[in-house]
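As structure tokens, the structure follows; a few thoughts come after it.
Every number here is computed from the coordinates shown, using simple stated rules; none is lab data. Please read these numbers as outputs of a predicted model, since none were measured by experiment. As a convention, Cβ positions derive from the backbone with ideal geometry for all residues, glycine included, and neighbour counts pool all protein chains shown.
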Amino acid sequence: MHVLKSPDARFTARLVARFAAGLAALTLSATAFAADPQVSLKTSMGEIVLELNPEKAPISVNNFLKYVKSGFYKGTIFHRVIDGFMIQAGGMDAQFHGRKTNKPIKNESNNGLSNEKYTVAMARESNPDSATSQFFINVVDNPGLDYPNMQGSGYTVFGKVVKGQDVVDKIKAVVVDDIRGLENVPVTPVTIQSATLLKGDKVK
């Protein structure tokens, strides 16, 4: 008759250590997954997926996701397009009507992230702490927008395009004109049809 023997103490300790290591790896993996929220912007010219960086820009990411979750961006347009510079959105609809925004947020441009091609950053006025809902996607490297190049501050990068770079390239190439006192406005509106959180809900 075969007798199932109990494992000795050393064998049990090794099993426990392996289990703990595996559990730690799974925990770290889950943390990494949760730390990189992604947002899908479905536009009239195609889909753009942004991967956000809450570790480097927690205030800006949380602010952006609040607008996303509230449906704020649906129906807004890319109202400023400059090939060789950036494409800007999140402020008005196709009739150039603005929308009520949340309070401005603190500037986080001193976070080590650069305004490189296909990164997404918060638009703002001359006051560094004036960003609300508007954002832009860099279509070239724009180190001149980095901290501290803009009067001791910069424009806060809070994520990057991970899908739809071709869509960004199509948007930057549209025909623009001066419309209703605004410069570099697409003649044919480029509309954000929806903004959806794909994963990593970190909104507080």
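Given an 8 Å cut-off on Cα distances and at least 6 residues of separation, report the relative contact order of segment 36-199 as a percent. Can you show the working numbers first?
Working: 401 pairs, mean separation 58.9, N = 164.
The value is 36 percent.
Please state the shape class of segment 57-122: rounded when a/c is under 1.5, otherwise prolate if a/b exceeds b/c and oblate if not, all from the C-alpha gyration tensor. Please list the in-between numbers first.
Details: a/c = 2.27, a/b = 1.17, b/c = 1.93.
Since a/c reaches 1.5 but b/c is at least a/b, the shape of segment 57-122 is classed as oblate.
Rounded, prolate or oblate: which fits segment 107-186 when a ≥ b ≥ c are the square roots of the eigenvalues of the alpha-carbon gyration tensor, with rounded for a/c under 1.5 and prolate only if a/b beats b/c? It would help to have the intermediate numbers written out before the result.
Details: a/c = 2.14, a/b = 1.28, b/c = 1.67.
Here segment 107-186 falls in the oblate category.
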(request) Hey, for a label at I82 modelled as a point 7 Å past Cα toward Cβ, could you say which residues of segment 173-192 have their backbone N under 11 Å away? (result) 183-184
(message) With θ taken as phi - 60° and the coefficients 6.51, -1.76 and 1.60, list the Karplus ³J(HN,Hα) couplings across segment 125-138 in order, rounded to whole Hz; mark glycine and proline as x.
(response) 8, 5, 5, x, 9, 10, 5, 10, 9, 6, 9, 9, 10, 5
(message) Distance between the C-alpha centers of segment 55-83 and segment 144-195? Whole Å please.
(response) 12
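Tell me whether segment 36-199 comes out rounded, prolate or oblate; compute the Cα gyration tensor, take square roots of the eigenvalues as a ≥ b ≥ c, and use a/c under 1.5 as the rounded threshold. Spell out each step's value before the answer.
Values: a/c = 1.33, a/b = 1.21, b/c = 1.10.
Rounded, because the longest to shortest axis ratio a/c is under 1.5.
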(request) Could you size up the charge dipole of segment 72-158 around its Cα centre, putting +1 on the beta carbon of Lys and Arg and -1 on that of Asp and Glu, and report it in debye to the nearest 20? (result) 400
